[in-house]
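Nothing in this text is a laboratory measurement; each read-out follows from the coordinates by a stated rule. Model, not experiment: these values are computed from the prediction. We place every Cβ from the backbone using ideal geometry, glycine too, and count neighbours over all the protein chains shown.
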Amino acid sequence: MQPTLASQPRERAAATNGPQIASVVSVHDFTAIYEQDRNRLVRALALSLGDAALANEAIDEAFTRAFHRWNTVGSFDEPQAWIYRTAHNWATSRFRRRSRDRKYAAQIARPESTVDPVPDPSLAAAIESLPADQRQILVLRYYLDWTIDACAAALDVAPGTVKSRTNRALKELNRTLGEN
């Protein structure tokens with residue numbers, strides 16, 4: 001039997017102390033459902049999706065969304081059904097996104113030749129020995145031939161930082177390669 005979402009609120013006992021008591025009861029209801037049903041919902045979604053990690057993430061996302069909308073979701077006859085459905089939809093969307101990303105990645109044109117990006121192995125080794133920030137600057141400045149401003153924008157640093165990192169990287173590269 002498939003769970004259905006009821007649009008009619010559950011019957012609740014009238015709170016005698018105003019809306020603050022109702023909010024506390026509502027949070028207690030959420031906590032009870034979370035503690036009682038979370039693991040069962042994760043297992044069910046994992047069986048449905050075939051991916052336990054994605055199911056776990058999806059159920060957590062759905063419970064977060066339910067918490068933020070608990071005044072509405074908590075009034076359903078079966079809030080667990082709303083949580084499961086939301087998690088399933090979220091996970092399905094993730095599957096589509098992953099599939100689309102893989103499809104586009106496969107369609108990216110590959111270069112005709114398989115030329116090494118750095119023809120000199122000693123130069124490649126020297127570049128690899130640099131700290132990450134200096135290596136990144138050299139690749140952007142000289143391999144991609146970007147301007148100082150373009151590098152600064154890409155790395156979210158000041159143009160002066162790009163210049164100083166470039167200078168340090170070139171000095172270290174010259175030292176490593178034994179050039180003056």
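General remarks:
Conditions (1) loosely packed, with under 15 Cβ neighbours inside 10 Å; (2) in contact (Cβ under 8 Å) with a residue 60 or more places away in the chain; (3) closer than 24 Å to Thr31 by Cβ, marked per residue:
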{"site": "Glu57", "(1), (2), (3)": "no, no, yes"}
{"site": "Ala62", "(1), (2), (3)": "no, no, yes"}
{"site": "Ala66", "(1), (2), (3)": "no, no, yes"}
{"site": "Tyr84", "(1), (2), (3)": "no, yes, yes"}
{"site": "Ala87", "(1), (2), (3)": "no, no, yes"}
{"site": "Thr92", "(1), (2), (3)": "yes, no, no"}
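- Residue list for segment 68-77, restricted to those being of a type in the set (Phe, Trp, Tyr) and either closer than 13 Å to Tyr34 by Cβ or loosely packed, with under 14 Cβ neighbours inside 10 Å (or both): Trp70
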